[in-house]
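A.B. asks: Have a look at this one.
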Amino acid sequence: MKIAGFTIIKNAVMNDFPIVEAIRSLLPVVDEMIVLIGDSSDETTALIEAIGDPKIKIHHSVWNKNLRKGGAVLADETNKAFDLISSAHTWAFYIQGDEVVHEKYYPAIRTACEQFASDTAVQGLLFKYKHFYGTYDYVGDSRKWYAHEIRIIRNNKAISAYRDAQGFRIGKAKLPVARIDASIYHYGWVKSPVQMRKKIKESSVYWNDDTQLEKIKSSPADYDFTGFDSLEKFTGTHPGVMLNRIQRQNWIIDLDLSQKKFSFKNKCLYYFEKLTGIRPFDFKNYKIIRK
């Protein structure tokens, strides 16, 4: 049983993506790491090369500027990266440029991959998620943030990235998956107010039409982090590969955790989930067949 990691990235330096940490967090559990670098206008290639691990295989691509709706270009690039994985690998471990795996989950990940290697009914492994917001001290705890998603898929080329590559499907069919007792740490919303706004403006070309783009480009220079609906304090530990980045944080954002901005319906659903651990009516981009 072999595992290949794969990821896509473009303009990692310009947008301050934790892509180095993302890749390094996968290296201990994968046999090979495919990194597909888009046509960047910064030093992204040098950044990845500097990791200096022989498991890393760098490839290059040009992002399709015609794929401007709903982040479809991310799925297109993800599929290209997946296609680069050889048939020698049983599983493919996908990580996005702002996601990191905590080392405490390595045993569970390896165990699950071994356990379901010959169970071909299982086409993916489902991870839990922690979404950090503003700083490394806050995590989203509302229905706005997806609670689970597929990050390990069987090396079956009938599988493809879905929509903006949040998850995977076979055609239109949801992927049959097994739960894994591990979380992905998502840091995409942890940036300084200036850097967050810069990243939104730079990446918006792959999400919006010309009218929307003009509105985004004319928005204030600082991102307003107070627009959240609900957050909670993070009391756990971060992945070891993130510690240097966390120590370099040079901005302060104080957010009022008592603030809850819900409709009546979402308020009821929020507190029901807090009491029971159940999230009713939640969209699931997968079909759980093993628990």
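A.B. asks: Please tell me if residue 278 is among the aliphatic types (A, V, I, L, M) and either more than 28 Å from residue 181 (Cα to Cα) or in contact with a Pro (Cβ under 7 Å, 6 or more places away or on another chain) (or both).
C.D. replies: Criteria not met by residue 278.
A.B. asks: Specify which of the listed residues (275, 243) is aliphatic (A, V, I, L, M), surrounded by fewer than 16 Cβ atoms within 10 Å (Cβ to Cβ) and within 18 Å of residue 99 (Cα to Cα).
C.D. replies: 243
A.B. asks: Counting only residues that are surrounded by 13 or more Cβ atoms within 10 Å (Cβ to Cβ) and charged (D, E, K, R), which one in the stretch 18-56 is nearest to residue 110 (Cα to Cα)?
C.D. replies: Taking the candidates together, the pick is 31.
A.B. asks: Also, quick follow-up: Filter the stretch 91-121 down to the residues that are crowded, with 20+ Cβ neighbours inside 10 Å and β-branched (Val, Ile, Thr) and list them by number.
C.D. replies: 95, 100, 101, 109
A.B. asks: When residues of the stretch 53-99 are filtered for being within 16 Å of residue 8 (Cα to Cα) and among the small types (Gly, Ala, Ser), how many remain?
C.D. replies: Residues in the stretch 53-99 being within 16 Å of residue 8 (Cα to Cα) and among the small types (Gly, Ala, Ser): 7 in total.
A.B. asks: Please give the strands (runs of 3 or more DSSP E) falling wholly within the stretch 123-162 in which 2 or more residues are crowded, with 17+ Cβ neighbours inside 10 Å and among the small types (Gly, Ala, Ser).
C.D. replies: On the way: elements: 124-133, 135-140, 148-154, 159-162.
The qualifying strands (runs of 3 or more DSSP E) are 159-162.
A.B. asks: Among the numbered criteria (1) aromatic (Phe, Trp, Tyr); (2) surrounded by fewer than 13 Cβ atoms within 10 Å (Cβ to Cβ); (3) farther than 30 Å from residue 25 by Cα, which single criterion is violated by residue 262?
C.D. replies: (2)
A.B. asks: Further, regarding this structure: Which condition number in (1) in a loop (DSSP other than H, G, I, E, B); (2) more than 29 Å from residue 20 (Cα to Cα); (3) hydrophobic (A, V, I, L, M, F, W, C); (4) at pLDDT below 90 is the one that residue 272 fails?
C.D. replies: (1)
A.B. asks: Continuing with this model, one more query. Can you tell me which residues in the stretch 163-173 are of a type in the set (A, V, I, L, M) and in a strand (DSSP E or B)?
C.D. replies: Answer for the stretch 163-173, where residues must be of a type in the set (A, V, I, L, M) and in a strand (DSSP E or B): 170, 173.
A.B. asks: Could you list, in sequence order, all residues of the stretch 237-291 that are touching a strand residue (DSSP E or B) at 6+ places or on another chain (Cβ under 7 Å) and closer than 30 Å to residue 172 by Cβ?
C.D. replies: Narrowing the stretch 237-291 to residues touching a strand residue (DSSP E or B) at 6+ places or on another chain (Cβ under 7 Å): 238-239, 241-242, 246, 249, 253, 255, 257, 285-291.
Within the stretch 237-291, 285, 286, 287, 288, 289, 290, 291 qualify.
A.B. asks: I'd like to check which helices (runs of 4 or more DSSP H) are fully inside the stretch 174-266 and have at least 3 residues that are at pLDDT 95 or above.
C.D. replies: Result: 243-247.
A.B. asks: Enumerate the pairs (first residue in the stretch 156-181 and free of Cβ contacts under 8 Å to residues at least 24 places away in the same chain; second residue anywhere and crowded, with 16+ Cβ neighbours inside 10 Å) with beta-carbon separation below 6 Å, excluding pairs fewer than 6 apart on the same chain, so at least 6 apart or on different chains.
C.D. replies: So the pair list comes out as 158/170.
A.B. asks: Shifting gears a bit: Residue 61 - would you say it is in contact (Cβ under 8 Å) with a residue 24 or more places away in the chain, surrounded by 15 or more Cβ atoms within 10 Å (Cβ to Cβ), under 30 Å from residue 116 (Cβ atoms) and small (Gly, Ala, Ser)?
C.D. replies: Numbers: in contact (Cβ under 8 Å) with a residue 24 or more places away in the chain: yes; surrounded by 15 or more Cβ atoms within 10 Å (Cβ to Cβ): yes; under 30 Å from residue 116 (Cβ atoms): no; small (Gly, Ala, Ser): yes.
No; evaluated as a whole, the condition is false for this residue.
A.B. asks: Take the residues of the stretch 240-272 that are charged (D, E, K, R) and within 23 Å of the chain's Cα centre (by Cα): which is farthest from residue 185 (Cα to Cα)?
C.D. replies: By that ranking, first place goes to 248.
The values are calculated or read from the model by the stated rules, or taken from the named source; none is laboratory data. Keep in mind that this is a model prediction, so the values were computed, not measured. With ideal geometry, Cβ positions are generated from the backbone for all residues, glycine too; neighbour counts draw on all protein chains shown.
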